[in-house]
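We did not get these values from a lab; they are worked out from the coordinates using the rules stated. Since this is a predicted model, take the numbers as computed values, not measurements. We place every Cβ from the backbone using ideal geometry, glycine too, and count neighbours over all the protein chains shown.
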Amino acid sequence: MYHQIGMWDQKWVIGNWKMNGRLQNNNALMHRFRILPTAERVLIGLAAPTVYLLQLHNAMQIVLNNRILTCAQDVSRFPNNGAYTGEVSAEMLADTGTDIVLIGHSERSLYFGEKNEIQRRKMENVLNVGLIPLLCVGESLEEREAGKEHEVIAHQLSVLQGLDTKNIAVAYEPVWAIGTGKVATVEQIADMHAFIYKEILSLCGSDVKIRVLYGGSVKADNAADIFAVPYVDGALVGGASLSYDSFTAIISAAQNA
Ligand code: 13P
């Protein structure tokens, strides 16, 4: 029998639907995933809006050749239960079958003012219930033009220090490349991913398992080039994850990387 390689050695391809999706469209999309050819070298995940996570999780159970992980786009900074109207706790996400939780996406900091302290609380809540946090980091165009990108990313990564885990997943998403069609160059990606690896090792110890995903205008036609960059362990895909054809083309680029 074929033994699948462990998730910390696979390429991760995670679709971030952001605030998109409807019951009927999601079902149609999930139906197509049923016959996706086996991609045993790839960890596939989909991050849907919270109201659709259970639908997605249930639909994943009938996918034939691949396990598709259920990912949440955010989580409450408050654990467990309580008088926090509108919030969804890590326990609730775990209860409804979530595997991975995005933390600190740049859109969360841009529109909701989330910074390190809140991200840290979210990371701890997610780890405490046995789920995997995927910390998103990325510099703005202004910060890059000022030559501050390493300083900014180092500050964002400091959230990881002292966490009770030996498995670290990070997505590097330069803000100026998100939804703009502007991809970071292979040199920029290589430089930053190597930097992020180095930072993680120094913050978390040399015995950690690491995945660093690239995000920002990843499409079917640039995925193979991005996956070929050293220290790129996958992709966090926004717009292109909304279409079955483009998302599965990215998965097959990862499988063949
Ligand atoms: P796009 O792929 O649409 O640029 O979005 C990237 C992203 O923010 C994924 O989290």
query: What is the one condition in (1) assigned to a loop (DSSP other than H, G, I, E, B); (2) over 26 Å from Gln10 (Cβ atoms) that Tyr111 does not satisfy?
result: (1)
- request: Quickly run through the stretch 206-220 and pick out the residues that are within 13 Å of the ligand (Cβ to nearest atom) and assigned to a loop (DSSP other than H, G, I, E, B).
  value: Gly216, Ser217, Val218, Lys219, Ala220
statement: Residues of the stretch 114-128 being assigned to a loop (DSSP other than H, G, I, E, B) and surrounded by fewer than 19 Cβ atoms within 10 Å (Cβ to Cβ), in sequence order, are Lys115
statement: In the set Ile35, Ile44, the lone residue that is over 25 Å from Ala177 (Cβ atoms) and either part of a loop (DSSP other than H, G, I, E, B) or within 16 Å of the ligand (Cβ to nearest atom) (or both) is Ile35
- request: Filter the stretch 222-244 down to the residues that are within 24 Å of Ala28 (Cα to Cα), within 15 Å of the ligand (Cβ to nearest atom) and not aliphatic (A, V, I, L, M), then identify the one that is surrounded by the fewest Cβ atoms within 10 Å (Cβ to Cβ).
  value: Ser243
